[in-house]
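Some notes on the structure that comes next.
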Amino acid sequence: MSSRRFFLQSSLLALGVLPFSLPAHPFPSPPQRIKRGEMIYRRLGRTGFYVSEISLGSSPLPEWGLFREIIDRGVNYIDSSHTYQGGNAERQIGRLCRQVGRDKIYVATKFHLRDHDTISSIIRTVEGSLRRLQSDYIDVLMIHGVSKASQLTDDRVLEAFARLKKAGKYRYRGISCHQNHLEVMAQAIKCDLYDVIQIGYNVYDLQKGEKPIRTYSDYLGTSGLKPLLRQAARQGIGLVAMKTLKVGGRRQDLTAFRSESSSIYQAMLKWVLANPSISTVVTEMLTYQQMEEDLAVVGQTLTKAERKSLYRLVACTGHLTCRLCGTCEKACPQSIPLPTIFRYLHYFEGQGKESLAREGWASLNPTRWACLNCGECERNCPYHLPVRQFYRRAQILLS
């Protein structure tokens with residue numbers, strides 16, 4: 001044994017923090033997965049948190065009894081925001097933490113970055129979240145809905161994070177990203193300022209060349225997201241997947257795509273969890289049926305039959321599914337925020353969140369745009385979607 005190793009072992013033994021013999025490798029890498037009861041927990045990057053493979057979204061939260069049962073079943077990561085349910089989501093999470101213990105739950109919540117925000121307004125928003133959570137700290141504090149790479153290094157954000165960290169108000173920082181995924185994620189990896197990235201990732205991000213693809217020919221092209229996920233994971237950035245059960249964004253009757261004894265939603269969750277870079281999937285579980293359906297995939301692998309069903313699903317529905325890549329907005333001469341509009345349309349049509357969708361639409365002040373009907377959005381859409389048709393439907397339904 002080297003003198004350095006002997007000194008280290010002797011010192012730590014004196015402190016009572018080591019067993020009597022060291023393993024062959026005194027500093028083994030921490031496991032990526034552990035099992036407790038019926039739940040599998042994955043390491044959330046460099047945070048060191050072990051989070052349940054299935055985690056809970058809170059826009060909205062389920063009713064209280066179901067909420068408690070989901071936690072009792074081993075879910076230990078809850079995603080929230082200061083805007084969810086007008087702040088009531090954070091209040092309910094605070095109530096939960098009081099009952100089960102703050103140290104039993106990892107809470108992620110978010111603040112928005114708007115043009116008029118200042119360092120002080122960001123800090124006030126976070127302090128409001130802490131009051132509603134009745135907690136001294138937030139486990140993962142995120143910027144909500146980053147759509148531009150420049151937001152990641154915005155001076156207001158970095159200074160607010162610095163002051164909040166100094167005050168002990170959060171443990172790790174992160175971002176969520178609904179659109180323009182490639183640009184935002186590439187910059188997040190490059191700047192390496194964020195410990196967690198929550199990103200929209202689902203079966204519609206199938207890659208060119210994935211095998212076996214027999215049901216359609218190169219329909220999706222290459223999203224480019226998977227290499228970034230691998231790079232982020234190698235860098236120790238924890239990855240949280242959201243919008244995984246997106247079928248035009250909604251749960252619906254997809255019996256035709258059922259395989260064996262599993263539903264297509266279970267296959268979609270398994271497909272995402274099959275990516276070892278992903279730590280957890282955020283889903284909304286609003287009924288006992290949804291809870292049983294989602295938690296049943298924990299520790300399960302995707303079968304060949306399920307994979308084939310997923311390929312059929314994408315082939316049949318992909319031509320009407322927006323991936324929120326942001327290409328149409330960049331091509332639009334009026335800079336109409338089309339991906340954001342389509343996300344609100346999805347809330348309205350697919351999730352039944354009509355009030356939220358209309359409020360979001362109104363906040364965009366849509367009367368300031370005048371679509372030229374030039375078709376640049378559709379000519380540049382990599383998935384050949386009827387973008388103008390989507391936009392007209394949003395104008396009708398959300399106004």
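Taking the residues in segment 65-82 that are over 22 Å from K35 (Cα atoms) and buried (at least 18 other Cβ atoms within 10 Å of the Cβ) as candidates, determine which candidate is farthest from the chain's Cα centre (by Cα).
This residue is H82.
Quick one: which helices (runs of 4 or more DSSP H) sit completely within segment 257-336 and have at least 3 residues that are assigned by TED's automatic domain parsing to the domain that holds M185 and not charged (D, E, K, R)?
264-273, 288-295, 304-317
Looking only at residues in segment 122-145 that are among the β-branched types (V, I, T) and in contact (Cβ under 8 Å) with a residue 40 or more places away in the chain, which one is nearest to H178 (Cα to Cα)?
Among those residues, the one meeting the criterion is V140.
Only one of E293, E284 is closer than 30 Å to Y106 by Cα, in contact with a Pro (Cβ under 9 Å, 6 or more places away or on another chain), among the charged types (D, E, K, R) and modelled with pLDDT of 85 or more; which?
Exactly one of E293, E284 is closer than 30 Å to Y106 by Cα, in contact with a Pro (Cβ under 9 Å, 6 or more places away or on another chain), among the charged types (D, E, K, R) and modelled with pLDDT of 85 or more, namely E284.
Out of the residues in segment 152-183 meeting the condition of being assigned to a loop (DSSP other than H, G, I, E, B) and modelled with pLDDT of 95 or more, tell me which one is surrounded by the fewest Cβ atoms within 10 Å (Cβ to Cβ).
That would be G168.
For segment 81-124, name all the residues that are within 18 Å of M242 (Cα to Cα) and small (G, A, S).
Once the filter is applied, which keeps residues that are within 18 Å of M242 (Cα to Cα) and small (G, A, S), segment 81-124 yields S81, A89, A108.
Of (1) at pLDDT below 95; (2) of a type outside the set (V, I, T); (3) under 21 Å from the mean Cα position of the chain (by Cα); (4) outside any helix (DSSP H, G or I), Y194 satisfies all except one. Which?
Only one criterion in (1) at pLDDT below 95; (2) of a type outside the set (V, I, T); (3) under 21 Å from the mean Cα position of the chain (by Cα); (4) outside any helix (DSSP H, G or I) is unmet by Y194, namely (1).
Exactly one of (1) loosely packed, with under 14 Cβ neighbours inside 10 Å; (2) modelled with pLDDT of 95 or more; (3) under 22 Å from the mean Cα position of the chain (by Cα) is unmet by T47. Its number?
(1)
Can you tell me which residue in segment 275-296 is farthest from the chain's Cα centre (by Cα), limited to those that are among the hydrophobic types (A, V, I, L, M, F, W, C) and closer than 18 Å to P62 by Cβ?
Step by step, filter segment 275-296, then rank; the result is A296.
Look through segment 364-380, keep the residues that are exposed (fewer than 13 other Cβ atoms within 10 Å of the Cβ) and at pLDDT 90 or above, and return whichever of them is nearest to L397 (Cα to Cα).
N365
Any chance you could count how many residues in segment 315-338 are of a type outside the set (A, V, I, L, M, F, W, C) and over 25 Å from the mean Cα position of the chain (by Cα)?
So the answer is 3.
Quick one: count up the residues across segment 344-399 that are of a type in the set (K, R) and more than 20 Å from C328 (Cα to Cα).
Selection size over segment 344-399: 2.
Are any of the residues in segment 305-313 farther than 30 Å from K148 by Cβ and out of contact with any Ser or Thr (no Cβ under 9 Å at 6 or more places or on another chain)?
The answer is yes; a qualifying residue exists.
Out of I122, I143, I93, I138, report the one residue that is of a type in the set (A, V, I, L, M), more than 25 Å from N76 (Cβ to Cβ) and surrounded by 20 or more Cβ atoms within 10 Å (Cβ to Cβ).
It is I122.
The values are calculated or read from the model by the stated rules, or taken from the named source; none is laboratory data. What you see is a predicted model; the values in this text were computed from it and never measured. Quick reminder, even Gly has a Cβ in these numbers, built from the backbone with ideal geometry, and neighbours come from all protein chains shown.
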